[in-house]
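Q: Before I ask anything, here is the structure I am working with.
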Amino acid sequence: QVQLVESGGGVVHPGGSLRLSCAASEFTLSIYGMHWLRQAPGKGLEWVAFVRYDSSAKYYTDSVKGRFSISRDNSKNTLYLQMNTLRAEDTAVYYCAKSPSNWYFDLWGRGTLVTVSS
Amino acid sequence: QSVLTQPPSVSAAPGQKVTISCSGSSSNIGNNYVSWYRQLPGTAPKLLIYDNDKRPSGIPDRFSGSKSGTSATLGITGLQTGDEAVYYCGTWDSSLTAVVFGGGTKLTVL
């Protein structure tokens, strides 16, 4: 079954770190741009980061620049999001999503919950 | 405050048609493709429309998209109770170098 599966979420103290993973099944990740998006409890969608298929370009939303890092290992068919210096406002369900082109998302994972709390 | 503006809610009766608007600017909708997503409670968003007016495989033709200038519209005909969800528009913003979304529109099928 073609799918994306996120993992690595959990509860972390403010200032802490987490690394999220997104494993692709039944398709090759290496030819697609990939994104992380998030949704805070009861709120709308927020785009977080993008990595080009060959990692030659990466973009981030302003609020995570310098704290989050997106990467991918095409040999493992896996996308990552390293999150450092976490803040309460980073609490959200984090989704990975595949992007064929033109900045839209045609396949989403089920999400993983990140809770930043003392 | 979202970069793209959507009405917070819309409603219509079963079988009727509804439209959801999405307003932006020249740096986003005006010069980039728009996509639309539907999110049922507790689930991940699902792509309904991409490149302004294209439907992915498996999305019925009850769903349509259009764009004019700096605004886009999602149309849904033959409303069903199963269409009750939150709908989001999204696009690339060339000035922000970021993907931006509307705040979401909750559709109620009365």
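Taken together, the values in this text are just the output of simple stated rules run on the coordinates, not laboratory data. All values derive from a computational prediction rather than experimental measurement. Using ideal geometry, Cβ is built from the backbone for each residue, glycine included, and neighbour counts are taken over all protein chains shown.
Q: Once the dipole of the protein assembly as shown is set up with Lys and Arg at +1 and Asp and Glu at -1 on Cβ about the Cα centre, which of B:T5, A:L4, B:I20 lies farthest towards its positive end?
A: Selected residue: A:L4.
Q: Residues in the range B:67-97, backbone N under 11 Å from the label point at B:Q16 (7 Å along the Cα-to-beta-carbon vector): list them, ranges by number please.
A: B:79
Q: Report the residues of the range A:92-115 in range of a label on A:S63: point 7 Å along Cα→C-beta, backbone N strictly under 19 Å from it.
A: Residues passing the 19 Å test: A:92-97, A:111-115.
Q: Something else: Which whole number of Å³ per residue matches the convex hull of the alpha-carbon atoms in chain B?
A: Values: hull volume 10.3 nm³, N = 110.
Output value, Cα hull per residue: 94 Å³.
Q: Just from the alpha-carbon atoms, what are the Rg and Dmax of the protein assembly as shown in angstroms?
A: Answer for the protein assembly as shown, Rg first and Dmax second: 17.3, 51 Å.
Q: Let me ask another. Please compute the modelled spin-label separation between A:E89 and B:S94, points set 7 Å along Cα→Cβ, answer in nm with one decimal.
A: It is 2.9 nm.
Q: OK, next. 5 Å is the cut-off here: which amide hydrogens, built 1.01 Å from N in the peptide plane, fall below it relative to A:V114, excluding neighbours closer than 5 in sequence?
A: Here the answer is A:G10, A:A92, A:V93, A:Y94, since their amide H atoms fall under 5 Å of that of A:V114.
Q: Still on this model: How large is the charge dipole for the protein assembly as shown, taken about the Cα centre, if only the Cβ atoms of Lys, Arg (+1) and Asp, Glu (-1) carry charge, to the nearest 20 debye? Numbers along the way, then the final one.
A: Working: 20 positive and 15 negative charges, 25 e Å.
In total the dipole reaches around 120 debye.
Q: Take the alpha-carbon centre of the range A:50-118, take the same for the range B:1-74, and report the distance between them in whole Å.
A: A separation of 23 Å, based on Cα centres.
Q: Using the crude model of +1 on Lys and Arg Cβ and -1 on Asp and Glu Cβ, and no other charge, please compute the dipole size for chain B relative to its Cα centre, in debye to 20. The partial results should precede the final answer.
A: Values: 8 positive and 6 negative charges, 25 e Å.
In debye, rounded to 20, chain B gives about 120.
Q: Averaged over B:93-105, how many beta carbons belonging to a partner chain fall within 10 Å of each residue's beta carbon? Please report the intermediate quantities before stating the final value.
A: Numbers: counts 2, 0, 0, 3, 5, 10, 15, 5, 5, 2, 3, 4, 0.
So the per-residue partner count for this stretch is 4.
Q: List every residue whose amide H lies under 5 Å from the amide H of B:V3, counting only residues 5 or more places away in sequence or on a different chain, with H placed 1.01 Å from N in the peptide plane.
A: B:F101
Q: Which entries of A:K98/B:K46; A:K58/B:K67; A:K65/B:K106; B:K46/B:K106; A:K76/B:K46 show an alpha-carbon separation above 21 angstrom in the structure shown? Can you show the working numbers first?
A: On the way: A:K98/B:K46 12 Å; A:K58/B:K67 28 Å; A:K65/B:K106 31 Å; B:K46/B:K106 15 Å; A:K76/B:K46 25 Å.
Violating the 21 Å Cα-Cα cut-off are A:K58/B:K67; A:K65/B:K106; A:K76/B:K46.
Q: For the range B:6-19, in order, what is each residue's ³J(HN,Hα) by Karplus, 6.51 cos²θ - 1.76 cosθ + 1.60 with θ = phi - 60°, in whole Hz (x at glycine and Pro)?
A: 10, x, x, 8, 9, 8, 6, 7, x, x, 7, 10, 9, 10
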